[in-house]
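> Before we start, here is the structure in question, set down as structure tokens.
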Amino acid sequence: MKPVSVQVAYRVRGEETKVLKLDPSNVEQTRIGLASGVNPVKPEAGSYVYSGMHDQGVLQEPKEGGVMGDLISCVVAAKEANNKYLTHVIEQEKSRKKEETESPDHKKPKTSSPDA
């Protein structure tokens, strides 16, 4: 079986700006089940978080690690990196737009007077 890896490529305005390659060697192992000492509880309707309980009672502990554990760890790391990177891109865009509107040669749109 091939080792697990996840690759994420970002394109901003048609240009590739960043590529991440995640695999078990560069991501932290994610715990799949409940943390030690946390009791299973019935989840709220619509919640997809692992709760350790189903309608009929307590679920057995999920297997930690392995190929699925590696895949989950890579996807969790990709999601965290995605949020961080896209927040950075959005903040840069806001800053760029603010600088454009504050520049002395920025032309304000003409408005027509109500008398016209």
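> Work from the charge dipole of the chain (Cβ charges, +1 for Lys and Arg, -1 for Asp and Glu, about the Cα centre) and give the residue of 73, 35, 101 farthest towards its positive end.
Going by the charge dipole, the pick is 101.
> Within the chain, how many Lys pairs sit with Cα atoms under 15 Å apart, leaving out pairs fewer than 8 places apart on the same chain?
7
> Something else now. Helix 66-102 against the longest principal axis of the chain: what's the angle in degrees, Cα atoms only, rounded to the nearest 10?
10 degrees
> Nothing charged except the Cβ atoms of Lys and Arg (+1) and of Asp and Glu (-1): what's the magnitude of the dipole of the chain about its Cα centre? Round to the nearest 20 debye.
For the chain, the charge dipole is close to 300 debye.
> Could you work out what % of the accessible surface of the chain is carbon and sulfur, using a 1.4 angstrom probe and leaving DNA, RNA and ligands out of the count?
The nonpolar share, carbon plus sulfur, comes to 54 percent.
> Hey, can you find the accessible area per residue of the chain for me, probe 1.4 Å, expressed in square angstrom?
Accessible area per residue, the chain: 85 Å².
> Any idea what log10 I(q)/I(0) is at q = 0.12, 0.22, 0.23 Å⁻¹ for the chain, Debye with uniform C-alpha scatterers and no solvent?
The calculated log intensity ratios at q = 0.12, 0.22, 0.23 Å⁻¹ are -0.69, -1.19, -1.23.
> Can you order the peptides 3-12, 28-37, 95-104 by their average number of other Cβ atoms within 10 Å per residue, highest first?
Most protected by this proxy first, the peptides run 3-12, 28-37, 95-104.
The values are calculated or read from the model by the stated rules, or taken from the named source; none is laboratory data. Everything numeric here is computed off the predicted structure, so don't read it as measured data. All Cβ positions, glycine included, derive from the backbone under ideal geometry; neighbour counts span all protein chains shown. Calculation scope for accessible area: heavy atoms of the full protein, side chains included, ligands and nucleic acids excluded. Shrake-Rupley method; radii C 1.70, N 1.55, O 1.52, S 1.80 Å.
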